[in-house]
Amino acid sequence: MKNNDWYRGMSFYQIWIRSFKDGNGDGIGDLYGVYEKLEYIKSLGVDGIWFSPIYPSPNADFGYDISDYKNIHPDYGDLAQFQKVLRKAHELGLKVIMDLVVNHTSDEHPWFIESRKGKDNPYSDYYIWRDKPNNWKSLFEGEAWEYDESRGQYYLHIFAKKQPDLNMDNPKVREEVKSILRFWLDMGVDGFREDVINFISKVEGLPDGLPFLPAVNGMPYYKDGPHIHEYMAEFREVCSEYDCFQLGEGPMTTVKSALQYMTGDTKSLDMMFSFDHMMADCVYTEYVHRSFSLVKLKKAFTKWQNALNGRAWNALYLENHDHPRVISRYGSEKYWRESGTMLAASYLFQQGTPFLYQGQEIGMTNIRLKHIDQYVDISSHTNFHTYHLKDSIEKRMARIHHSSRDSARTPMQWDATKNAGFSEEKPWFYVNPNYKRINVEAEEADADSILNFYRKCLALRKKSKTLLWGTYKEYFPSNEHIYMYERAYQNIRYVIICSFASHPVRVMKPKEYYGRKGKLVLCNYPKDAACDDRGYGWFRPYEARVYRFDL
Ligand code: GLC
Ligand code: CA
C-alpha cells in the first residue's frame, strides 16, 4: 500500500535518452550509455531519474508517439538492458520513474492499425472517430482531424497526425492503461510522469471551439474534461497497490484545477508540472513568444508556492525536453557561469521536489542552426511555417533559436573530444559547437563550475529541514531585477537573493531583517571575488547569494 510521501524530500534528473549517451556506437543515445553514467547522475546529489519515453516509436514526436507500451525501442536497447539499468539505479539508491503517454498512441500502434480497418472490430472504439470533423485545431499541425481512407471517417489528433487520441471513455482502453501501469510496476519502477494527463477526457459531442482562439480552440473541451477524475481514480487505485509516485504533466493547468488532482476526494496525483512560469517568455511555441519578464516569472513562482503550501507539493523545474535552455532565455549567454548558477539558486530552494533536465547542470545553451530544415521537431516546423509569416526569415529563425524544442535536445556534452564525447559515430543530431568550453569533464575540474554549483545547492537543500519543509515568502515582488525569497522553519530561516540583471544592482534588506546578521552560506561568485558577508548592498551581474539566519 502507498503509505508515504517519499518523493517530497527528493530531487530528480530527467533523461531524454536519444541525446544522453551513446553506449554502442551508432550515434544514438541508449540504455547502455545510461548504464555507464548512473554514477555520474548519482554524484549530482539527486535521488531519482525520470525517463522520457524509451518505448518503440516511429519518432514522429520523438517517443511521445508510442507503438508498443510494453517494450523498449530497439535504438535504446531491450527489456533486459532496461532491467539492468533499473537494478543498478536501485543499488545506487536512485528511484526510476517512467513516462506514461496515454492521451494518444502512435498511428503505427497495433490498436490503431486495427481500429482504422473498420467499425466492427475489437479496436474500433479505441480511438475517437467521426463522420464529420469539428473545428478544433491540433497543437502540432493544422486541423485536429485527419481523414482515414480505409475507415472512411476522421480521427481526432490533438497533437500530430501520427498521434491519434485514445478514446478514454471506452472501458477497454482504461483496462489497457491499467495493464501498462502494472507491467512496469511489476518490473520494479517507482512511478510515472503522466503526459498531458489533464487532456484524456473529452466533452461529449465534441462541440466546436471558439473561433478566436486559434491553435487552442478545442482546449476548453478536452482540458480537465467531464470524466477526468473518475478515470484518474481508476489509475490511482492500481498505483496504490504499489509504492508508486504519480506526477502529472498539466499543460495550461490552473492552481485550482491542479489542487483537485492533488488533494481531497479527487486526489489522483502526487504532484503536477505546471506551465505558468514558462510563460515568462515562450511556452512550447513561438506562438506565445514574448520577451522575458522577471516580474511575471516571480508572480508564477509565488502563486504556486503560496497556493500549494500545506495542501500539496510543487514539482520544480526550469527546463525539460519541451522547454529549451534557460540560460539562453531567462539568463545570459554572456554571463554564462553567473546566470547558470544563479538560475539554479532561483528554483532549487523553493518548496517542492526539483527536477533537473540533462545538460542543465552544466549550463548547456540553445543551439542556433541556420536553416529551419535542419530542425527535426515537428512543432518547430509548424510554428515557423504558420506564425508571424509577415516577419523576415531572420526574425522568424531568431524565434526558433529561442523557443524550439530542439534547442534542448542536442547531444549531451561530456567532454572536449570529437562529438562532445557523446558518441564515436556521427550523432543523430547537431552537437552545440560550444562543447569544447561547456562540458562535464571541464566542469568536474573547476570548483566554481555550474556543475559543482548544482551539487552544492542540492547538498545544502538535502541537509536543511528549512529548505526541504519550510514555508515560502517572497520579498519585493515588483522589483524588476531581483528575486528574493525566504524559507522558514522553526527558528531557522534562509534568504535566497538572485539578480537577473547584467549590471550591478543595489539590494535592500527587507524590514524584517533590519539589525540581523545572517551567515552567507552560498554565493555563485568565486570566493576570492569578495563575496563575503558585506550586508546585502550591491549585487554583481547575475549574482546569487543564500543567507542563513538563526533566530
Ligand atoms: C507532452 C510532452 C511533449 C509531447 C506532448 C504530446 O507535452 O512533454 O514532448 O510532444 O506531450 O505527447
Ligand atoms: Ca546507441
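The values are calculated or read from the model by the stated rules, or taken from the named source; none is laboratory data. These numbers were taken from a predicted model, which means no experiment stands behind them. As a convention, Cβ positions derive from the backbone with ideal geometry for all residues, glycine included, and neighbour counts pool all protein chains shown. Surface areas here come from the heavy atoms of the whole protein model, side chains and all, with no ligands, DNA or RNA. Shrake-Rupley method; radii C 1.70, N 1.55, O 1.52, S 1.80 Å.
Quick one: grab the alpha carbon gyration tensor of the range 320-365, order the square roots of its eigenvalues as a ≥ b ≥ c, and give me rounded if a/c is under 1.5, else prolate or oblate depending on whether a/b is larger than b/c. The shape class here is oblate.
If only the Cβ of Lys and Arg carry +1 and only the Cβ of Asp and Glu carry -1, the dipole of the chain around its Cα centre is close to 2640 debye.
Shown for the range 159-317 is the translational diffusion coefficient from the Stokes-Einstein equation, using the Kirkwood radius over Cα pairs, a temperature of 4 °C and a viscosity of 1.567 mPa s: 76 µm²/s. Remark on residue 522: its backbone amide H falls under 5 Å from those of 546, a criterion applied only to residues 5 or more positions apart or on other chains, H modelled at 1.01 Å from N. For chymotrypsin sites (Phe, Trp or Tyr not before Pro), the sites in the range 206-263 that DSSP calls loop and that have at most 10 other Cβ atoms within 10 Å are 212. Extension gain, residue 447 to residue 68, is 132.0 nm, computed as 0.36 nm per intervening residue step minus the present C-alpha separation. Placing unit charges on each Cβ (+1 for Lys and Arg, -1 for Asp and Glu) gives the range 171-289 a dipole about its Cα centre, and among 181, 212, 263 the Cα reaching farthest toward its positive end belongs to 212. If you take the Cα centroid of the range 232-262 and the Cα centroid of the range 75-129, the two points sit 19 Å apart. Relative to the dominant Cα principal axis of the chain, helix 31-43 is inclined by about 30°. Think of the chain as a dipole: +1 on every Lys or Arg Cβ, -1 on every Asp or Glu Cβ, centred on the Cα centre; then among 495, 414, 160, 495 lies furthest on the positive end. Across the chain, Cα pairs under 8 Å and at least six residues apart give a relative contact order of 13 percent.
Karplus-derived 3J(HN,Hα) values for the range 370-380, using 6.51 cos²θ - 1.76 cosθ + 1.60 with θ = phi - 60°, are 6, 10, 4, 5, 7, 7, 10, 6, 4, 5, 5 Hz; glycine and proline are entered as x.
Heavy-atom accessible surface of the chain, averaged per residue, reaches 37 Å², computed with a 1.4 Å probe.
Here the chain carries DSSP beta bridges of which approximately 60% are antiparallel, counting only pairs with both residues inside.
3J(HN,Hα) along the range 94-108: 9, 6, 10, 10, 9, 8, 10, 10, 10, 6, 8, 10, 7, 6, 9 Hz, from the Karplus curve 6.51 cos²θ - 1.76 cosθ + 1.60 with θ = phi - 60°, whole Hz, x for Gly and Pro.
For the range 359-415, the set of trypsin sites (Lys or Arg not before Pro) satisfying both a DSSP loop assignment and a count of at most 12 other C-beta atoms within 10 Å is given as 370, 390. Run a plain Debye calculation on the range 230-324 (Cα atoms as equal point scatterers, no solvent) and give log10 I(q)/I(0) at q = 0.10, 0.16, 0.19, 0.25 Å⁻¹, rounded to two decimals, same order as the q list. At q = 0.10, 0.16, 0.19, 0.25 Å⁻¹ the computed log10 ratios are -0.30, -0.71, -0.92, -1.30.
Estimated at 0.36 nm per residue, the fully extended path between residue 78 and residue 131 surpasses their Cα-Cα distance by 15.1 nm. Using the Cβ of residue 248 as centre and a radius below 10 Å, the other residues enclosed give a net charge of -3, where K and R count +1 and D and E count -1.
Just so you know, the Rg over Rh for the chain is 0.96, from Cα atoms, with Rh as the Kirkwood radius.
Put simply, the C-alpha atoms of the range 116-164 give a gyration tensor, and the ellipsoid matching it has half-axes of 19, 11, 8 Å, longest first. Based on a Kirkwood Rh over C-alpha pairs, give the Stokes-Einstein translational diffusion coefficient of the range 407-543 at 10 °C and viscosity 1.306 mPa s in µm²/s. So the translational diffusion coefficient is about 90 µm²/s. The charge dipole of the range 238-373, taken about its Cα centre with unit charges on the Cβ atoms of Lys, Arg (+1), Asp and Glu (-1) only, comes to about 660 debye. Placing pseudo-labels 7 Å out from each Cα toward the beta carbon at residue 434 and residue 296 gives an inter-label distance of 2.2 nm.
Restricting the range 411-502 to chymotrypsin sites (Phe, Trp or Tyr not before Pro) that sit in a DSSP loop and have at most 13 other Cβ atoms within 10 Å of their own Cβ leaves nothing. Rolling a 1.4 Å probe over the protein heavy atoms of the chain, with every protein chain left in place, gives an accessible area that is 52 percent carbon and sulfur. Normalising the average separation of contacting C-alpha pairs (under 8 angstrom, six or more residues apart) by the number of residues puts the relative contact order of the range 362-427 at 32 percent.
Scanning residues 5 or more positions from residue 165 or on other chains, those with amide H under 5 Å from its amide H are 128, 156, 157, 158, with H placed 1.01 Å from N in the peptide plane. A simple spin-label model places pseudo-atoms 7 Å from Cα toward Cβ; at residue 117 and residue 254 they are separated by 4.5 nm.
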